[in-house]
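**Student:** Before we start, here is the structure in question, set down as structure tokens.
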Amino acid sequence: MRSAELKKGIPAKASKCVTSPDLSVNVAGIKMKNPVMTASGTFGYGEEFKDIIDLNRLGGIIVKGVSARPIKGNPPPRIWETPAGMLNAIGLENPGVDVFINEKLPILRSYDTAVIVNIFGYSLEEYVAVTERLDGIPGIAGLEVNISCPNVKAGGIVFGTNVKAASELLTALRKATKLPLIAKLSPNVTDITEFARAAEGSGCDGLSLINTLLGMAIDVRCRKPRLANVTGGLSGPAIKPVAVRMVWQVARAVKLPIIGMGGIMTPEDALEFILAGATAIAVGTGNFINPRATLDIADGLASHLKREGIPSVRDLIGQVIVA
Amino acid sequence: MPPTKLHQATVVLHQEAGRGYFRIVLKAPGLAKQARPGQFVMLRVSENQDPILARPFGIAAVKSKQYIELFYRVVGRGTALLATVERDAVLQVQGPLGNGFPAPEKGTTPLLVAGGSGFPPLLYFALSMRHPLYMFLGARDKECLPPLRAIKSCREQAEKVYIATDDGSAGTRGFVTDGLAAFLDSRNDRESFVIYACGPRSMMAAVSKLAAERGISCFVSMEERMACGLGVCMGCSVAVRTGGYKRVCKEGPVFKSSDIDWSEQVVLPALHRK
């Protein structure tokens, strides 16, 4: 970040001393103490991290995808490391919505952080079923609809790469719940703004982007794919420029608030997404490498605002200067 | 909150240990105090983003409640980079992770079976035990056996160390399981035996079968590629006989061998192929 360049774009009052910068944001009607969240599928249901970091310091937790019934997941190998990233094909393994509500949510509810439940299904009916089951359950701030998992043939991606199917699904879910609805978009499309508009037109309250990029790796000696599922989703710093570009495009196309994600590891990465137009950000693969990444990013954002004399993180949303 | 598992560890010793192995000793008191045999650490080999993932290593020893010792061979980019790390460097390490070996019950005789570079957690286990124990070390050839100092430690702890190589270049010619089977069948105190194995999946499957046929309880330390080591990436899952998968990093790495679904074929590249 070039600070001189940054200062040009911020309000005049920003030059005064800022001792306690305001990190709070409101995404899709969900108030959060800071814009730092955890991306679905990289933080479980918080259980594994509650002994490592103080979950109360997170703006929000987007939990691992939950479906109407338990899902076994894909056979191993499920992951493969790539340059500055990794491929995964977990296959949406999860214990099902009832176990989530009865065993996982009570733990999450005891923390002062926004809990957003990522949901998916293998048909429109299954998406509706899990949405109806979660509607009215206390302790849920909103739903993130996964219409973009690349690893399940009959699953989310069908909705995520077909604008008409996405609209029908999101419209049906809108009728099924009053909870804030956030559509998680796939980057594996020619024009992501079409899907952002479809979500907006279907009554969604916010957008998450991006999900993983569809990828593949091959063992050249045995001539077999590295993943049992053959293809998998690419995540990590390798995809960050693609994600920043898509957040920027979508921010200009729709009014919906955006949760930006894709390779965020550092406060500077988070700032890129915010300047591109994200109201909040989520750390994904970064949690695997540094389990404290979310807290380091929240602290780093506060330091940045102080150093630059910017009163609120909201002053930076979409403030990239494009000549 | 319980004691932290995230540590900054200082490299106090890093040397070639023979037979292609490196030995690295890390000062990490917080980690060393919590560690139990069979647990592992996730070590970041550099601060750079490529390679990005930490690497899992079974703990080979804990010294003075301050230091942990690891052995590794250079098998890919991560370990190649690790081999260049110098003394006094500070590395991010998480641990101890996983469940570890269940302590042997009184009156039992542990049989420790290590294949290839699977010996480090069993070495730590052997060093921690007062039970009379037997060790079985197997490898493709002499150069793939554990380094001499590790074998020496094994000999000091065990009643006897049996060595087998596929090509006969050291010890008995054949698989480690051949020697294990012969040992089991030559003894009439079989009911006191408990087997603990760590090594290639095919070897552990064979050990598991051998134990099941003779009604001997058997524990295996599973190895899978993993991204987080914390139980959230779900990358290290192994198929279990009750259906579905369990996480090597969280429910494992040590499982009862009878719980594993050995029929599921896992296609992993042969890292040590010449």
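The values are calculated or read from the model by the stated rules, or taken from the named source; none is laboratory data. As the structure is a prediction and not an experimental result, all values here were calculated from the model. All Cβ positions, glycine included, derive from the backbone under ideal geometry; neighbour counts span all protein chains shown.
**Student:** Select from region B:1-39 the residues that are free of Cβ contacts under 8 Å to residues at least 60 places away in the same chain and assigned to a strand (DSSP E or B) and list them in ascending order. Don't jump to the end; show me each part of the working.
**Tutor:** Filtering region B:1-39 for residues free of Cβ contacts under 8 Å to residues at least 60 places away in the same chain gives B:1-4, B:15-16, B:25, B:27, B:29-30, B:32-33.
Within region B:1-39, B:Gln15, B:Glu16, B:Val25, B:Lys27 meet the criteria.
**Student:** Which count do you get for residues in region B:31-48 that are within 13 Å of chain A (Cβ to nearest Cβ), surrounded by 15 or more Cβ atoms within 10 Å (Cβ to Cβ) and not polar (S, T, N, Q)?
**Tutor:** Residues meeting the conditions: 4.
**Student:** Which one of these does A:Gly232 not meet: (1) buried (at least 19 other Cβ atoms within 10 Å of the Cβ); (2) within 30 Å of B:Thr4 (Cα to Cα)?
**Tutor:** Every listed condition holds for A:Gly232 apart from (2).
**Student:** Could you identify the single residue in A:Ala251, A:Ala323 that is crowded, with 21+ Cβ neighbours inside 10 Å and within 23 Å of A:Thr193 (Cα to Cα)? Give the derivation first.
**Tutor:** Working: A:Ala323 fails: crowded, with 21+ Cβ neighbours inside 10 Å.
Just one listed residue meets the conditions, A:Ala251.
**Student:** Take the conditions under 26 Å from A:Pro180 (Cβ atoms), within 11 Å of chain B (Cβ to nearest Cβ) and either in a loop (DSSP other than H, G, I, E, B) or hydroxyl-bearing (Ser, Thr, Tyr) (or both) and apply them to A:Gly73. Does it pass?
**Tutor:** Judged against the criteria, A:Gly73 is not a match.
**Student:** Moving on to the next point. Of the residues in region B:67-121, how many are touching a strand residue (DSSP E or B) at 6+ places or on another chain (Cβ under 8 Å), under 24 Å from B:Pro51 (Cα atoms) and polar (S, T, N, Q)?
**Tutor:** Number satisfying all stated conditions: 4.
**Student:** Scan region A:66-98 residue by residue and report those that are free of Cβ contacts under 8 Å to residues at least 24 places away in the same chain and under 16 Å from B:Lys246 (Cα atoms).
**Tutor:** A:Lys72, A:Gly73, A:Glu93
**Student:** Is it the case that B:Leu53 is in contact (Cβ under 8 Å) with a residue 60 or more places away in the chain and part of a loop (DSSP other than H, G, I, E, B)?
**Tutor:** Working: in contact (Cβ under 8 Å) with a residue 60 or more places away in the chain: yes; part of a loop (DSSP other than H, G, I, E, B): yes.
For B:Leu53, the condition - in contact (Cβ under 8 Å) with a residue 60 or more places away in the chain and part of a loop (DSSP other than H, G, I, E, B) - is met.
**Student:** May I pose another question? Considering (1) at pLDDT below 95; (2) buried (at least 22 other Cβ atoms within 10 Å of the Cβ), say which one A:Phe100 fails and leave the rest.
**Tutor:** Tallying (1) at pLDDT below 95; (2) buried (at least 22 other Cβ atoms within 10 Å of the Cβ), A:Phe100 fails exactly one: (1).
**Student:** Still on this structure, I have one more. Considering only region A:115-158, how many residues are surrounded by fewer than 18 Cβ atoms within 10 Å (Cβ to Cβ), within 18 Å of A:Val63 (Cβ to Cβ) and at pLDDT below 95?
**Tutor:** Within region A:115-158, residues that are surrounded by fewer than 18 Cβ atoms within 10 Å (Cβ to Cβ), within 18 Å of A:Val63 (Cβ to Cβ) and at pLDDT below 95 number 2.
**Student:** Still on this structure, please answer the following. For region A:159-169, what are the residues that are surrounded by 24 or more Cβ atoms within 10 Å (Cβ to Cβ) and among the hydrophobic types (A, V, I, L, M, F, W, C)?
**Tutor:** Result: A:Phe159, A:Ala166, A:Leu169.
**Student:** Pick out the one residue from A:Ile264, A:Ile182, A:Ile274 that is within 23 Å of A:Thr161 (Cβ to Cβ) and surrounded by 23 or more Cβ atoms within 10 Å (Cβ to Cβ). Spell out the reasoning first.
**Tutor:** Details: A:Ile264 fails: within 23 Å of A:Thr161 (Cβ to Cβ); A:Ile274 fails: within 23 Å of A:Thr161 (Cβ to Cβ).
Sole residue among the options that is within 23 Å of A:Thr161 (Cβ to Cβ) and surrounded by 23 or more Cβ atoms within 10 Å (Cβ to Cβ): A:Ile182.
**Student:** Same structure, new question: Has region B:3-12 got any residue that is out of contact with any helix residue (DSSP H, G or I) (no Cβ under 9 Å at 6 or more places or on another chain), within 12 Å of chain A (Cβ to nearest Cβ), surrounded by fewer than 19 Cβ atoms within 10 Å (Cβ to Cβ) and among the polar types (S, T, N, Q)?
**Tutor:** yes
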